[in-house]
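Visitor: Quick one: the structure is below, questions incoming.
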Amino acid sequence: MTGARPLDLLAGRGSDLLVRVAGVACSDRELPLMAERLAELVVRSARALTFCDVYVLDDEERVLEWRGAPVPLGEGEVGRVAAHGRARAHPDGRGAAVPVHGDGIVIAVVDVRSAGPCPPGDVALVTALAGLFAPVLSSCRGCGRRASASTRPSGSPSGPSRRRRPSGRG
């Protein structure tokens, strides 16, 4: 990670990034839509990241939810990051899992991937964004999950999302 402070790092990426963050933060507070928007923001804001998953801790604080099968705390890269509260680079060097801290615990994990070696500047950006996502996701965990559970068709995924970089983007 670079030595820059998180807000300096974000501001260095241009004022449009901060406007996009504010726009997402002020949008609907429902999961999984909020997690999808945050994942999209990460991919669009980074230089080399091509993929992002956002996993959100469930209400019982035992598993991380996303579009796939729930990930138990402590299992796999994402589960270990959530359990220990520290970012981890993926063993292949093509990404990292970054915790989102809020309410005194890890409330989510932002998992990113790149096509080649993951630039440290992108991991620093994701870490800074994770700090901004914490209050948004914390709010969503309470109110948004109840709203989405009552309107979601049976069998639909309840958790966050996966976002890929659109083709033709560098």
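Visitor: Within segment 73-106, count every residue that is open to solvent by less than 30 Å² (accessible area, probe 1.4 Å), closer than 20 Å to Val136 by Cα and part of a strand (DSSP E or B).
Guide: Qualifying residue count for the region: 6.
Visitor: As an exercise: evaluate Arg44 against (1) under 14 Å from the mean Cα position of the chain (by Cα); (2) farther than 17 Å from Val136 by Cβ; (3) open to solvent by 30 Å² or more (accessible area, probe 1.4 Å); (4) not hydrophobic (A, V, I, L, M, F, W, C) and give the number of the one condition it does not meet.
Guide: Status for Arg44: all satisfied but (2).
Visitor: Can you tell me which of (1) open to solvent by 50 Å² or more (accessible area, probe 1.4 Å); (2) without any contact (Cβ under 8 Å) to a residue 60 or more places away in the chain; (3) at negative phi is the one Pro70 doesn't meet?
Guide: (2)
Visitor: Would you point out which residue out of Arg146, Arg163, Arg141, Arg113 is in a strand (DSSP E or B), charged (D, E, K, R) and at pLDDT below 85?
Guide: Arg163
Visitor: Going by what's in this entry, would Ser158 be described as at pLDDT below 90 and open to solvent by less than 50 Å² (accessible area, probe 1.4 Å)?
Guide: Working: at pLDDT below 90: yes; open to solvent by less than 50 Å² (accessible area, probe 1.4 Å): yes.
The answer is yes for Ser158.
The values are calculated or read from the model by the stated rules, or taken from the named source; none is laboratory data. Quantities reported herein were computed from a predicted structural model and do not represent experimental measurements. So basically every Cβ, Gly included, is an ideal-geometry build from the backbone, and we count neighbours across all protein chains shown. We work out accessible area using only protein heavy atoms, side chains counted, and drop any ligands, DNA or RNA first. Shrake-Rupley method; radii C 1.70, N 1.55, O 1.52, S 1.80 Å.
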